[in-house]
Amino acid sequence: MINKIYNFSAGPAILPAEVLEKAQAELLSLNNSGMSVMEISHRSETFEKINQDAQNGIRDLLGLPHNYKVLFLQGGATFQFLMIPMNFLSAEINADYIVNGAWGKKAVAEAKRFGRAETIFSSAENGFKSIPVQSELKFNRNAVYVHYTSNETIEGVEFKYDLNAGEIPVVCDASSNILSKPIDVSKYALIYAGAQKNLGPSGVTVVIIRDDLLEKSPQNLPAMLSYQAFADHNSMINTPNTWGIYLIGLVCNWIKTKGGLAAMQIANEKKAQILYDTLDQTEFYRGHAEKSARSMMNVTFRLPSEELEKKFCAEAAEIGLDGLKGHRSVGGVRASIYNAFPLAGVERLIEFMREFECRNG
Ligand code: PMP
């Protein structure tokens with residue numbers, strides 16, 4: 001690699017070097033076509049295969065049964081905040097929302113424009129430091145779906161279990177932890193994720209949707225707002241993000257060669273564990289999340305003062321530890337350590353943290 005920066009950015013985030021190298025090698029001439037993937041027609045056989053391979057990559061890694069569709073949309077995860085209620089909510093139909101961070105809060109605010117979206121749980125009062133246990137959650141029996149965010153990227157809190165809502169379809173924003181560990185997909189009716197963390201570049205959103213929920217998508221919606229229309233057209237109602245879909249396929253292959261989601265989980269747990277252990281060994285660094293809610297993907301912490309946090313991020317950047325500044329809404333420090341982030345980068349951060357504390361503690 002030319003660039004030795006360790007990129008801790010929350011997204012767009014680090015991609016596997018092998019993936020970028022393969023994309024680079026194929027950039028000018030994909031499969032000896034003399035054209036780049038960005039230049040070929042999305043209606044060509046070559047691109048149809050890329051589309052299929054990317055879908056299959058996700059299907060295989062998650063072990064998706066046949067009654068799920070994998071769709072590629074645009075508009076980011078944010079667009080899903082409105083597309084989901086637009087497809088399934090109305091003034092007469094209600095949905096439950098679990099709000100355990102800034103993204104869940106945005107999702108419910110959008111849903112309220114379309115129908116009766118009720119927040120059945122919120123950890124706002126404790127500053128989004130916790131994750132509810134399953135028994136704390138009381139669902140409305142007539143909810144058309146329950147929505148939750150499996151990993152809140154800004155606060156760094158993550159569900160350690162697949163939500164079980166009984167008969168109510170579960171809709172999950174998995175933008176920042178999709179493909180980071182095995183999940184029980186049968187528990188979900190819809191999973192969505194902006195690609196720019198664990199899947200590929202920004203500009204493409206993955207939606208995994210179960211047929212029984214898909215069937216509830218009304219026929220009278222404009223095509224670009226309809227899951228049914230996207231499913232009917234194999235995600236190509238219009239020109240899709242061909243480059244993004246191609247990269248998702250490459251990333252899935254990379255995960256497979258590394259041993260799949262079980263191997264991702266082992267590697268991710270190790271990276272997170274040594275970082276959290278470092279936080280726990282000192283009073284100088286204070287983790288934001290409660291221990292039981294700690295995210296494996298986004299490790300958030302504070303230093304004794306905002307000045308020190310600024311200094312910490314600036315000095316870290318100088319030695320090639322980039323993107324550590326916490327989200328502008330909460331401040332502090334955030335180390336995003338997605339699938340592609342190497343263990344050596346976490347070890348380098350820990351070394352820097354110890355040394356910074358010695359000088360400033
Ligand atoms: N949900 C979560 C959990 C996120 O982390 C993000 C982006 N960081 C979003 C939604 C919004 O995603 P996008 O920028 O793709 O709209």
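Listed values, structure above:
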{"item": "Cβ-derived FRET efficiency at R0 22 Å, Arg113 paired with Ser41, nearest 0.05", "result": "0.05"}
{"item": "Sparse-neighbour loop sites [chymotrypsin sites (Phe, Trp or Tyr not before Pro); region 139-222; at most 15 other C-beta within 10 Å; DSSP]", "result": "Tyr161"}
{"item": "Most fluctuating residue given options Asn298, Asn198, Asn87, as computed from a GNM of the chain linking Cα atoms under 10 Å", "result": "Asn87"}
{"item": "24 Å Cα-Cα threshold exceeded, pairs from Lys106/Lys311; Lys181/Lys271; Lys187/Lys271; Lys112/Lys216", "result": "Lys106/Lys311; Lys187/Lys271"}
{"item": "Of Ile40, Gly57, Thr282, farthest towards positive along the dipole that unit charges on Lys, Arg, Asp, Glu beta carbons give the chain", "result": "Thr282"}
{"item": "Förster radius 22 Å - calculated FRET efficiency between Gln281 and Glu318 (Cβ-Cβ, nearest 0.05)", "result": "0.35"}
{"item": "Residue among Ser150, Ser292, Ser180 with the largest mean-square fluctuation in a Gaussian network model of the chain, springs linking Cα atoms under 10 Å", "result": "Ser292"}
{"item": "Under the span-like rule (Cα at least 24 Å along the axis, Kyte-Doolittle mean at least -1.0), DSSP H helices of the chain", "result": "45-62, 260-280, 343-360"}
{"item": "Percent antiparallel among DSSP beta bridges (both partners in the chain, rounded to 5)", "result": "55"}
{"item": "Region 115-204: antiparallel DSSP beta bridges as a percent of all, rounded to 5", "result": "20"}
{"item": "Candidates Ile120, Ile131, Ile255, ranked by Gaussian network fluctuation over the chain, Cα under 10 Å, top entry", "result": "Ile120"}
{"item": "Considering only region 27-171, percent of DSSP beta bridges that pair antiparallel, nearest 5", "result": "15"}
{"item": "Simple spin-label estimate for Asn142 and Ile237 in nanometres, 7 Å along Cα-Cβ", "result": "2.9"}
{"item": "Gain in span if fully extended, Ala223 to His66, counting 0.36 nm per residue against the direct Cα distance", "result": "54.2 nm"}
{"item": "Separation of alpha-carbon centers, region 43-86 and region 167-218, rounded to whole Å", "result": "9"}
{"item": "Rg/Rg_ref, the chain, where Rg_ref = 2.2 N^0.38 Å and atoms are Cα", "result": "1.00"}
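Readers should treat all values here as calculations from the given coordinates under stated rules, not as data from a laboratory. Note that this is a predicted model, so its numbers are computed, not measured. Positions of Cβ are backbone-derived with ideal geometry, glycine not excepted, and every protein chain shown enters the neighbour counts.
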